[in-house]
Amino acid sequence: MEKRLSELKPGESGVIVSIQALTNHRHRRRHSWGFQKRLEDMGLTPGTKIKVVRSAPFHGPIEIHVRGSRLAIGRGMAKRILMRVNK
Amino acid sequence: MKKDKIMVALAGNANVGKSVIFNHLTGLHQHIGNWPGKTVEKAEGTLHFKGHTIDIIDLPGIYSLSTFSIEELISREYIAVENPDLVINVVDASVLERNLFFTLQLRELEAPMVVALNQMDMAKKKGIKIDHKKLEKILGAPVVPTVATSRKGIYELMQASVDTVEKGIEKTAGTKYGEEIEARIRELSKMVSRLQLPYPARWVAIKLLEGDEQIEGRIRQLDPHILFATKKLAKEIEKIHGHSCSTVITSERYEIAGRIAREVQQIVPSTKLPMRERLHALTTHKILGYPIMATVILSLFFAIFSFGDYTSQLLSVLFEHFHSIYESLFGTEILATIIWGGIIEGLIAGITIALPYLIPFYLVLYFLEDSGYLSRIAFLMDNLMHKIGLHGKAFIPAMLGYGCNVPACLGCRIMETERERFLATFVVTLVPCAATSVIIFGLVGAYVGFQWALLLYVIDLIIIFVLGRLAFNMLPGEPTGLIMEMHDYKTPHLETIVKETWFRLQEFIKMAFPLIIAGSFMIKLIEVLGLLKPIAYVLNPITVVWLGLPAITGITLIFGVLRKELTLLMLLTLFKAEFGATDFANVPGFGPKEMIVFALVTMLYIPCISTIAALVKEQGWKRALFITFFEIAFAIFVGGIAYRLLTLTGM
């Protein structure tokens, strides 16, 4: 089943399918390249396993475990990461 | 080969103990400045080791060598172009995979390298065992296990570094990607190697395939045909893998890092939840996290400001005594007055305002950052800060602004991109500092009503929100969301924190004091030359006609540039001289309406001279002047509107 990273509940885990680049922004090309590159540089590449640990209240960021380290990722960014979740 | 002067660069991820190693190595022989034309800090130092003079440069903590942030760009330009004799890659042994990703990129840059496998104690606590000899073999570079906080392995690290430089190591082989990628890298490298570039050809080829804009730009000038070839080759890779070429390369690089990590480490996780994990869960808890944060921040701020306030007053009293001694020695002639009022008082302003707050502030900031709590605060506050176009990390400087804008401006350093740094700096200068609060409560709160004072704070918050949003939309560049590592909690290394505070303080004094002194000298000169009244007269259209304030407020607003609380003190002095008033209760022409407008204008109109100095230091002259003049114009604009609205309501 495919879900956005932002929709995963604490304790759930999945594998990254793809990262959606932004399309409706006026700095589109630059933005999408930088955005995607940045996530990938932090280790969020397609095929990577991610576990959601907790999320901050009021639609705050999400804490994830990835590649043996702990990251906080803003919800806006998490929305653009498509995940495959095993059910 | 014996070299008398060796250039070494320290490189690595953020929070891996790089600055601890830097401080151990350089001791008190260091110099903190900025990279030319950039808002990024540059720390340099010198070490004498076995007859060698070693110049060490501490590169910013980064995760990659792409062009996402200025730090990354600076680091890779430094390594590739300045060609240091050696790069010491500081690696966090407890998060090996992520750190090796960076190591692999350093290897691609073909920099001669020694790896410091740091935080071995931390790794051990997490049940991670690392075979460093095996890692050495795989990486083809010396690996030295270290525990920087207790100086373990530092000597061996330097020994290995000197040995490596003297032996003159052969350039290490880069990362091996899949054959379908390697073939295309080879093809591109061949084309690139004909060009005159300071970078290794293979690295340029990889960066081209990754779509690196900076490298693309350089190649476009030299040989645009290579870009066409790159496009074609990248398309082929995309076809094979079904992802963009940049994604494929980053992915593979991480795969290799992961493979190496698995090969050299053994993990036996402990069964019981360790203390630092429990602390992490507690401080990021969705309910408990907030009261904990509020308590920590408020008590730290309370500590900063009670220390600052106490010391500041103590120093003021001291200097007042000094003043009477000065007057009895040199009299009150014009020259003596100018020297005292202009130069010495400027110096005093700097010492009594900036320093008492800056010292505890730096200590606290580095403590929060080093321990790891800063990232938890950012985690909790991210959403709120997004409302003004910033993310969680900006919360700390914004809060600091309520105490003093100077450390707040300096604290904006923790933001990642130049754009965010400017945005955050702009926002914090709008936050009413302690001195402004004195005016708001001492004038509006005391004579108009407490609710009006609170209203001013609310208005200020709205202004911050609106201007922050506007600036967010207008500034060029890409807005960024939050993505950060939350490294494990650790006990901060006190010696490093104290040293970092000391060197930053030195830098601030060097930068800000001349400006503060020059500013107060100018104002004193204006006063002594009898130009205050004429200037107040010239300002009449603004103060009297547009803002509806008494003419003499023009004078006090000029003095407010030195320190904001002076506006209130000066105003009382002037009213006393003119009307014999001992407080603000019954001054003709200065009723509740005028008080509110006056407080509003003072709150917004200009960062004080110390803040301007901090702005210049962090953002450069152009942006500092832009913020200053914008805020003057904006304060006058808002003040006039407020005056008319208040008149309409019949106040």
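The values are calculated or read from the model by the stated rules, or taken from the named source; none is laboratory data. Being a predicted model, the structure only gives us computed values, none of them experimental. Virtual Cβ from ideal backbone geometry, glycine too; neighbours counted across all protein chains shown. Side chains included, ligands, DNA and RNA excluded: accessible areas come from the protein's heavy atoms. Shrake-Rupley method; radii C 1.70, N 1.55, O 1.52, S 1.80 Å.
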Original post:
Near B:Lys125, which aspartates and glutamates are there with a Cα under 20 Å away, not counting those fewer than 8 places off in the same chain?
Top reply: B:Asp92, B:Glu97, B:Glu263, B:Glu277, B:Asp370, B:Glu485, B:Asp488
**OP:** Quick one: pull the percent of accessible area on chain B belonging to carbon and sulfur, 1.4 Å probe, ligands and nucleic acids left out.
**Re:** 66 percent
Original post:
Just by accessible area at a 1.4 angstrom probe, what is the order of B:Ile462, B:Ile32 from largest to smallest?
Top reply: B:Ile462, B:Ile32
Original post:
Viscosity 1.567 mPa s, temperature 4 °C: Stokes-Einstein D of the range B:18-169 from its Kirkwood Cα radius, in µm² per second?
Top reply: 81 µm²/s
Subject >> Angle between chain B longest axis and helix B:565-579 axis [Cα atoms, degrees, rounded to 10] >> reply: 10 degrees
**OP:** Could you state, as a whole-number percent, how many of the C-alpha pairs of the range B:161-246 are farther apart than 21 Å?
**Re:** 35 percent
**OP:** For the range B:186-259 and the range B:432-504, compute the distance between their C-alpha centroids and round to whole Å.
**Re:** 43 Å
**OP:** Quote the convex hull volume per residue of chain B, based on C-alpha atoms, as a whole number of Å³.
**Re:** 196 Å³
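Normalized C-alpha radius of gyration of the range B:100-155, against 2.2 N^0.38 Å?
1.17
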**OP:** With a point put 7 Å past each Cα toward its Cβ, work out how far B:Glu255 is from B:Lys622 in nm, to one decimal.
**Re:** 4.5 nm
Subject >> Within straight-line cross-link reach of B:Lys232, lysines at Cα separation under 21 Å, skipping those fewer than 8 residues along the same chain >> reply: A:Lys37, B:Lys190, B:Lys207
Original post:
B:Leu347 versus B:Val498, label points 7 Å from Cα toward the beta carbon: distance in nm?
Top reply: 2.8 nm
Original post:
Between B:Thr175 and residues 5 or more places away or on another chain, which pairs have amide H atoms under 5 Å apart, with H built 1.01 Å from N, and which residues are they?
Top reply: B:Glu108
Subject >> Principal-axis tilt of helix B:179-192 within chain B, Cα atoms, nearest 10 degrees >> reply: 70 degrees
Subject >> Members of A:Lys49/B:Lys286; B:Lys38/B:Lys176; B:Lys510/B:Lys564 lying beyond 28 Å, as alpha-carbon distances in this model show >> reply: B:Lys38/B:Lys176
**OP:** Provide, as a two-decimal number, the C-alpha radius of gyration of the range B:492-651 over 2.2 N^0.38 Å, N being how many residues it has.
**Re:** 1.23
Original post:
For the protein assembly as shown, with equal point scatterers placed on the C-alpha atoms only and solvent neglected, what are the log10 I(q)/I(0) values from the Debye formula at q = 0.05, 0.09, 0.12 1/Å, to two decimals?
Top reply: -0.29, -0.88, -1.36
Original post:
Where does chain B land at 222 nm, in deg cm²/dmol rounded to the nearest 500, when only DSSP H runs of n ≥ 4 count, each adding -39500 (n - 2.57), divided by all residues?
Top reply: -19500 deg cm²/dmol
Subject >> For B:Ser306, solvent-accessible area (1.4 Å; no DNA, RNA or ligand), Å² >> reply: 50 Å²
**OP:** Heads up, I need the accessible area for B:Ser299: 1.4 angstrom probe, whole protein in place, Å², nearest 10.
**Re:** 60 Å²
Subject >> Compactness of the range B:219-327, expressed as Rg and Dmax over alpha-carbon positions, Å >> reply: 30.1, 84
**OP:** Could you tell me how many degrees, from 0 to 90 and to the nearest 10, lie between the Cα long axis of helix B:154-167 and the main elongation axis, the longest principal axis, of the Cα atoms of chain B?
**Re:** 60 degrees
Original post:
Which whole-Hz couplings ³J(HN,Hα) result when phi for each residue of the range B:105-115 is put into the Karplus expression 6.51 cos²θ - 1.76 cosθ + 1.60, θ = phi - 60°, listed in order with x for Gly and Pro?
Top reply: 5, 4, 5, 5, 6, 6, 8, x, 9, 10, 9
Original post:
On the first, second and third principal axes, largest extent first, how far apart are the outermost C-alpha atoms of the range B:40-111 in Å?
Top reply: 36, 27, 23
**OP:** Rounded to the nearest 0.05, what FRET efficiency do B:Gln221 and B:Ile459 give with R0 = 41 Å and r taken as the Cβ-Cβ distance? Could you check?
**Re:** 0.20
Subject >> Positive-pole candidate from B:Ala183, B:Ile388, B:Phe503, dipole of the protein assembly as shown, charges at beta carbon >> reply: B:Ala183
Original post:
Average partner chain C-beta neighbours within 10 Å, per residue of A:49-59?
Top reply: 4
Subject >> Proximal lysines to B:Lys5, defined as alpha-carbon separation beneath 21 angstrom and excluding residues fewer than eight positions away on the same chain >> reply: B:Lys42, B:Lys50, B:Lys167, B:Lys171
Original post:
Got a sec to turn the phi values of the range B:122-139 into Karplus ³J(HN,Hα) couplings, 6.51 cos²θ - 1.76 cosθ + 1.60 with θ = phi - 60°, whole Hz, x for Gly and Pro?
Top reply: 4, 4, 4, 4, 7, x, 9, 10, 10, 8, 6, 5, 5, 4, 4, 5, 5, 7
Original post:
For the residue pair B:Lys272 and B:Ile138, what label-to-label distance in nm results when each label sits 7 Å from Cα along the Cα-to-beta-carbon direction?
Top reply: 3.3 nm
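Under the √(5λ) rule applied to the eigenvalues of the Cα gyration tensor, what semi-axes describe the equivalent ellipsoid of the range B:306-414? Give them in Å, descending.
40, 14, 9
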Original post:
Check A:Val53: other-chain or 5+ apart residues with amide H under 5 Å from its amide H, H built from backbone geometry?
Top reply: A:Gly11, A:Glu63, A:Ile64, A:His65
Subject >> Surface accessible to a 1.4 Å probe, B:Arg276 within the full protein complex, Å² >> reply: 40 Å²
Original post:
Sequence-distant or interchain residues sharing an amide H contact under 5 Å with B:Lys42, placed H: which?
Top reply: B:Gly33, B:Asn34, B:Trp35
